[in-house]
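A.B. asks: Handing you this structure, nothing more for now.
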Amino acid sequence: MMPLHQAQIWLHYEVMPKKSDNDIPVANLTPFGLRMQPGLKRQMEEAARLSGRSLNSEIVSRLEASLLQADDSREIDTQIRELIDGHEQRIIELEEKLKELVQSRLIELVAKMNDD
């Protein structure tokens, strides 16, 4: 079973049609020149052919998927930091309780020794 963030990327990249934020028709977008190594271009053309997309659509789809993955990574990092912070606070509380218990036990032991 794939993790949730991988499933989201798969859905976004492979299944869900993606509209741009501004929903501007592609014909109205200003062209953007992109230089890439010939080997990478061949790989992208093959991926586009296999997915039934134009080269441009393939590149845009992969860029969008990478941004989604980056957002997921930031969200996961935030959740991990929150968990760690919570555990650190709990450790501090437990250390204080342990310190109090040790002090209390020492006082009891000293009192018992003084009584004997």
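A.B. asks: Collect the residues in the range 44-54 that are under 17 Å from Pro25 (Cα atoms) and surrounded by 14 or more Cβ atoms within 10 Å (Cβ to Cβ), keeping them in residue-number order.
C.D. replies: Arg53
A.B. asks: Something else: Checking Ser20 against (1) in a loop (DSSP other than H, G, I, E, B); (2) surrounded by 11 or more Cβ atoms within 10 Å (Cβ to Cβ); (3) at pLDDT 90 or above: exactly one of these is not met. Which one?
C.D. replies: Unmet condition: (3).
Let's see how each residue does on (1) part of a helix (DSSP H, G or I); (2) of a type in the set (A, V, I, L, M); (3) more than 30 Å from Ala27 (Cα to Cα); (4) at pLDDT below 90:
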residue: Ile59; (1), (2), (3), (4): yes, yes, no, no
residue: Arg81; (1), (2), (3), (4): yes, no, yes, yes
residue: His87; (1), (2), (3), (4): yes, no, yes, no
residue: Leu109; (1), (2), (3), (4): yes, yes, yes, no
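A.B. asks: Here's something else I'd like to know. Can you give me the number of residues within the range 61-75 that are loosely packed, with under 15 Cβ neighbours inside 10 Å, hydroxyl-bearing (Ser, Thr, Tyr) and modelled with pLDDT of 85 or more?
C.D. replies: Matching residues across the range 61-75 total 1.
A.B. asks: So the check is Cβ under 7 Å with 6+ separation or different chains; which pairs have a first residue in the range 73-84 that's on the phi > 0 side of the Ramachandran plot and a second one that's assigned to a helix (DSSP H, G or I)?
C.D. replies: Every condition considered, no pair remains.
The values are calculated or read from the model by the stated rules, or taken from the named source; none is laboratory data. Values in this document were obtained by computation on a predicted structure and should not be read as measured data. Positions of Cβ are generated from backbone atoms using ideal geometry, with glycine treated the same way; all protein chains shown enter the neighbour counts.
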